[in-house]
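The values are calculated or read from the model by the stated rules, or taken from the named source; none is laboratory data. Every value quoted in this text rests on a predicted model; they were computed, and no experiment measured them. Here the Cβ positions follow ideal geometry from the backbone for every residue, glycine too, while neighbour counts run over all protein chains shown. These accessible areas exclude ligands, DNA and RNA; they are computed on the full protein's heavy atoms, side chains included. Shrake-Rupley method; radii C 1.70, N 1.55, O 1.52, S 1.80 Å.
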Amino acid sequence: MRHRIAVVGSGPGGLTFARVLHRHGCPVAVLERDPAPDARPPGGTLDLHEGLGQLALDKAGLLAEFQALSRPEGQAMRILDTAGTVLRDWRPRPDDRANPEIDRGQLRDLLLGPLDVQWGRSVTQVVPGTRDGVLVQFADGRQETFDLVVGADGAWSRVRPAVSSVTPHYTGVTSLETSLDDVDTRHPELARLIGDGSVAVYGVNRAVVAQRNSGGHVKVHAQFRAPLDWHANLDLADVEAVRSSLLALFDGWAVPVLDLLRHGTAFVRRPLYVLPVSHTWTHVFGVTLLGDAAHLMPPLGAGANLAMLEGAELAESIAAGSEDLDQAVRAFEEQMWVRAGRWAKITTAGLERLVSPDPAEALALFDRVQPS
């Protein structure tokens with residue numbers, strides 16, 4: 001008998017899980033609350049690591065298609081001080097495929113392929129241990145049962161409470177995200193500043209990071225340490241008010257850096273939340289988690305990569321044909337917890353150094369990760 005399997009969430013981890021199962025001829029229900037794939041902006045760009053995200057795509061049979069879409073030149077990284085002086089300027093070799101970039105929307109479309117996602121299926125609760133299996137309840141009042149429910153539904157997972165009472169906590173760092181469009185034509189001086197990849201500027205407890213996406217689109221992140229309610233007296237819907245507040249916060253920084261904020265079209269507040277570094281749970285029959293639902297960590301390049309590899313590995317274990325589905329899930333969890341805990345420590349320490357009282361800490365971190 002085939003197992004009844006559902007994955008909640010159509011992010012990179014959930015789709016990779018479903019795509020690998022599909023490759024092996026195993027049915028899976030992909031449950032996504034968004035009404036359509038283009039219901040909201042897909043987000044910025046991702047660097048997929050050779051031994052993580054790229055390995056997952058290889059398991060899904062999609063590595064060659066990824067390589068055709070990805071931008072190896074996007075690995076370039078330039079670091080400035082707040083006066084605008086270039087401190088580091090790393091450029092990848094033409095054959096460097098260690099961490100090429102791909103837009104999230106392109107990756108989503110690549111993974112979707114032949115998958116039949118159930119759009120507009122908003123999960124409200126997952127109840128394990130019922131007579132017919134794991135009960136999934138939906139916002140529209142309907143419910144279904146499955147043998148296995150995989151929570152790949154992100155930071156505020158609706159599946160997580162079935163296995164863990166832990167919720168994310170605020171890191172003390174907030175990011176305000178804005179965008180520049182058609183940067184090469186409309187803002188050529190900023191295009192030159194950003195280069196083919198990213199530019200980062202680090203100050204005292206503040207940072208500005210701009211990252212090139214495809215098609216002349218740039219995402220800009222202004223990061224700073226502040227209380228969660230720092231914006232209490234600010235109307236976040238008032239673009240000019242937010243811009244003025246940001247420019248005051250980064251007052252004295254080099255004009256080209258501030259221009260990244262001056263030319264932003266809108267601002268989105270993104271307080272950075274994390275789960276405990278060593279988040280685990282007592283195994284629950286028929287329910288598991290992967291990606292941010294399992295181990296939310298600072299957004300320093302590991303999260304999507306881990307989610308994709310976890311999805312691929314769990315799918316391969318299930319597809320291997322073992323009759324003991326629970327045993328495959330238990331083994332997956334043990335392996336995931338060890339690797340995710342290691343990356344959570346790395347990224348937590350990384351955030352502390354990148355948005356730090358001492359900007360030299362950020363530079364030292366990059367020198368260790370990507371020596372010149």
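Does Ser278 satisfy the condition of being part of a helix (DSSP H, G or I), over 18 Å from the mean Cα position of the chain (by Cα), of a type outside the set (Phe, Trp, Tyr) and closer than 23 Å to Val355 by Cα?
Taking the combined requirement at face value, the residue does not satisfy it.
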Fill in the blank from the handout: Of the residues in segment 318-367, those that are without any contact (Cβ under 8 Å) to a residue 12 or more places away in the chain and either open to solvent by less than 20 Å² (accessible area, probe 1.4 Å) or more than 27 Å from Pro271 (Cα to Cα) (or both) come to Ala320, Gly321, Ser322, Glu323, Asp324, Gln327, Glu334
Practice task
Could you list all residues from segment 214-266 that are of a type in the set (Val, Ile, Thr) and either buried (at least 18 other Cβ atoms within 10 Å of the Cβ) or not in a helix (DSSP H, G or I) (or both)?
Solution key: Val218, Val220, Val242, Val257, Thr265
Practice task
Kindly list the number of the only condition in (1) touching a helix residue (DSSP H, G or I) at 6+ places or on another chain (Cβ under 9 Å); (2) touching a residue at least 60 places away in the same chain (Cβ under 8 Å) that fails for Thr282.
Solution key: (1)
Problem - Ala307 out of contact with any Phe, Trp or Tyr (no Cβ under 8 Å at 6 or more places or on another chain), open to solvent by less than 50 Å² (accessible area, probe 1.4 Å) and either touching a residue at least 40 places away in the same chain (Cβ under 8 Å) or aromatic (Phe, Trp, Tyr) (or both) - result: yes
Practice task
Any residue in segment 118-147 that's among the hydroxyl-bearing types (Ser, Thr, Tyr): show its pairings with residues that are exposed (fewer than 14 other Cβ atoms within 10 Å of the Cβ) at Cβ separation under 7 Å, as long as the two are six or more apart or on different chains.
Solution key: Ser122/Ala139; Thr124/Ala139; Thr145/Thr130; Thr145/Asp132
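Please note which strands (runs of 3 or more DSSP E) are completely contained in segment 91-209 and include at least 3 residues that are open to solvent by 30 Å² or more (accessible area, probe 1.4 Å) and out of contact with any helix residue (DSSP H, G or I) (no Cβ under 9 Å at 6 or more places or on another chain).
It comes to 123-130, 143-146.
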Problem - Residue within segment 354-367 that is closer than 21 Å to Gln211 by Cα, of a type in the set (Ser, Thr, Tyr) and either outside any helix (DSSP H, G or I) or modelled with pLDDT of 95 or more (or both) present - result: yes
Completion exercise
Of the residues in segment 19-46, those that are surrounded by fewer than 22 Cβ atoms within 10 Å (Cβ to Cβ), more than 20 Å from Val7 (Cβ to Cβ) and touching a helix residue (DSSP H, G or I) at 6+ places or on another chain (Cβ under 7 Å) come to Gly44
Problem - Tabulated pairs, segment 254-271, first within 12 Å of Thr178 (Cα to Cα), second open to solvent by 50 Å² or more (accessible area, probe 1.4 Å), C-beta under 6 angstrom, 6+ apart or interchain - result: Arg269/Leu236
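Tell me, yes or no, whether segment 50-73 has at least one residue that is aromatic (Phe, Trp, Tyr), closer than 25 Å to Val209 by Cβ and either buried (at least 20 other Cβ atoms within 10 Å of the Cβ) or in contact with a Cys (Cβ under 7 Å, 6 or more places away or on another chain) (or both).
yes
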